[in-house]
1. Across region 34-67, what is the total count of residues that are touching a helix residue (DSSP H, G or I) at 6+ places or on another chain (Cβ under 8 Å) and either of a type outside the set (D, E, K, R) or over 18 Å from Glu7 (Cβ atoms) (or both)?
2. Just checking, which of Leu34, Leu8, Leu21, Leu52 is in contact with a Phe, Trp or Tyr (Cβ under 9 Å, 6 or more places away or on another chain), in contact (Cβ under 8 Å) with a residue 40 or more places away in the chain, surrounded by 11 or more Cβ atoms within 10 Å (Cβ to Cβ) and in a helix (DSSP H, G or I)?
3. Enumerate the pairs (first residue in region 77-89 and assigned to a helix (DSSP H, G or I); second residue anywhere and of a type in the set (Asp, Glu) and surrounded by fewer than 11 Cβ atoms within 10 Å (Cβ to Cβ)) with beta-carbon separation below 8 Å, excluding pairs fewer than 6 apart on the same chain, so at least 6 apart or on different chains.
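Every number in this text was worked out from the coordinates using simple rules, so none of it is lab data. Model, not experiment: these values are computed from the prediction. A quick note on method: Cβ atoms are made from the backbone with ideal geometry, for glycine too, and the neighbour counts reach across all protein chains shown.
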Amino acid sequence: MASNACELLKAMSNKWRLMILCQLSEGEKTVGELQGLLGLAQSAVSQHLAILRRENIVQSRKHAQSISYSLSGDEAIKVMATLHEVFCANTEAE
């Protein structure tokens with residue numbers, strides 16, 4: 001159990017991956033949408049998503065020519081909700 005938590009937190013402990021997860025916590029997004037929202041190169045977004053997919057934190061869904069990504073599993077959703085509550089809720093009220 002502790003090793004699973006460590007792996008989850010390790011994969012999330014990068015600024016850009018955390019920002020990707022914040023965006024995905026609001027709903028499904030494509031690489032292009034994430035690129036525009038974060039100002040990262042497409043290759044960088046794809047590399048971060050690959051790490052998150054490998055750890056089963058995000059899942060992908062292909063439709064037509066694009067692939068959409070979303071949070072995968074209760075663990076990631078709950079951790080992101082907690083992080084949002086602790087770090088973002090107060091700044092939104094100000």
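1. 20
2. Matching residue, one of Leu34, Leu8, Leu21, Leu52: Leu52.
3. That search, which allows pairs on different chains as well, returns nothing.
Let's see how each residue does on (1) within 14 Å of Gly73 (Cβ to Cβ); (2) within 12 Å of the chain's Cα centre (by Cα); (3) of a type outside the set (Asp, Glu):
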site	(1), (2), (3)
Ser3	no, no, yes
Met12	yes, yes, yes
Leu18	no, yes, yes
Ser25	yes, yes, yes
Gly36	no, no, yes
Asn56	yes, yes, yes
